[in-house]
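Presented below is the structure to which this report refers.
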Amino acid sequence: MARYTSAGYNSLVSLCSPTARVKVLFFGRLKEIVGHAEDSVELPDGAPIEALFSHYGASHPELARFRASLVASHNQEFAAWSTPLHSGDEVAFLPPVSGG
Amino acid sequence: MANSLQPDLLALVRDPIDQAALIQHVRAAEDGAVVTFDGCVRNHSHGRRTLYLDYEAYESMALGKIREIAAQIHEKFPVHLVAIAHRLGRLEIGETSVFIAVSSAHRPGAFDACRFAIDTLKRTVPIWKKEYFEDGAVWADGEMPPAPLETREAKPAS
């Protein structure tokens, strides 16, 4: 291409300092605490799910209190909190399930 | 095993569950037994009178987990077909929240599979219920799904 588009510039920046944009979902009481069901967050590529949770815990102390009773999911599978995140990933913090 | 012409019926629904349709779906000439589980909304919880329940789900993951349960049933038990429907949204007292039907040539497999289905669903499927009482509402105490151990190496992104 003859001219530098803003998209080209952004991709150069992300080569220098890779970031990941992930989709975050909240359910049940967590949705009530954060005030919405879905969010989109940019964080360093490869950051663990735990870091993403800390991001929300910092602004919602009540959320952080539930940490011990939560399970994380990564792309719709139960996942370890150490799972590294990449662009396009979908993460959810799941309270104890009570279906049936 | 489920055949491709009439596979298992697995669904999340917002309208009342048609139990007869689920039984009809799994029942075939080669079956000698159909075992069903009807999970219904109770009018009390922890000594308080329940007015109604509201169910919500991580729908895509919940359906995936229900499909995993059906696949596990076909691996573990000698059954023919499985139908599992879970309802979401507001449910009144007495309404069916979950219905499971399993068909088999012989009853032991169908009994065992049906029990496995509801026990596993209650532990692993991301669905939550909020209980409404005369003086407030609470999210029901739930079960912690079995999460991967933190010491295990994290699964790479697919």
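The values are calculated or read from the model by the stated rules, or taken from the named source; none is laboratory data. Everything quoted here is computed from the prediction, not taken from an experiment. Counting neighbours? That spans all protein chains shown, and the Cβs are built from the backbone with ideal geometry, glycine included.
So the values come out like this:
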| quantity | calculated |
| --- | --- |
| Options A:Ala80, A:Ala72: the member that is facing chain B (nearest Cβ under 10 Å) and under 30 Å from B:Cys40 (Cα atoms) | A:Ala72 |
| Index of the failed condition, B:His46 passing every other in (1) free of Cβ contacts under 8 Å to residues at least 60 places away in the same chain; (2) in contact with a Phe, Trp or Tyr (Cβ under 8 Å, 6 or more places away or on another chain); (3) over 19 Å from B:Leu88 (Cβ atoms) | (2) |
| Selection from segment A:58-74 of residues that are of a type outside the set (A, V, I, L, M, F, W, C) and surrounded by fewer than 18 Cβ atoms within 10 Å (Cβ to Cβ) | A:Ser59, A:His60, A:Pro61, A:Glu62, A:Arg65, A:Arg67, A:Ser69 |
| Spans of strands (runs of 3 or more DSSP E) in segment B:54-158 with at least 3 residues surrounded by fewer than 18 Cβ atoms within 10 Å (Cβ to Cβ) and away from chain A (no Cβ under 11 Å) | B:89-92 |
| Any hit, segment B:147-158, residues being more than 19 Å from B:Ile23 (Cβ to Cβ) and in contact (Cβ under 8 Å) with a residue 12 or more places away in the chain | no |
| Which listed residue is more than 30 Å from B:Cys114 (Cα to Cα), of a type outside the set (Ser, Thr, Tyr) and at pLDDT 95 or above, from A:His86, A:His74 | A:His86 |
| Of all residues making up segment A:33-83, the number that are among the β-branched types (Val, Ile, Thr) and either in contact (Cβ under 8 Å) with a residue 60 or more places away in the chain or in a helix (DSSP H, G or I) (or both) | 3 |
| Qualifying position, being closer than 26 Å to B:Gly89 by Cβ and not hydrophobic (A, V, I, L, M, F, W, C), among A:Ser17, A:Ser69, A:Ser82, A:Ser87 | A:Ser69 |
| Verdict on A:Val41 being under 14 Å from the mean Cα position of the chain (by Cα), under 24 Å from B:Gly89 (Cβ atoms) and of a type outside the set (Gly, Ala, Ser) | no |
| Set B:Gln24, B:Gln19: member being out of contact with any Leu (no Cβ under 6 Å at 6 or more places or on another chain) and surrounded by fewer than 15 Cβ atoms within 10 Å (Cβ to Cβ) | B:Gln24 |
| Residue among B:Gly32, B:Gly47 that alone is more than 15 Å from B:Val125 (Cα to Cα), at pLDDT below 95, exposed (fewer than 13 other Cβ atoms within 10 Å of the Cβ) and not acidic (Asp, Glu) | B:Gly47 |
| All positions within segment A:84-98 that are in a strand (DSSP E or B) and facing chain B (nearest Cβ under 7 Å) | A:Pro84, A:Ala92, A:Leu94, A:Val97 |
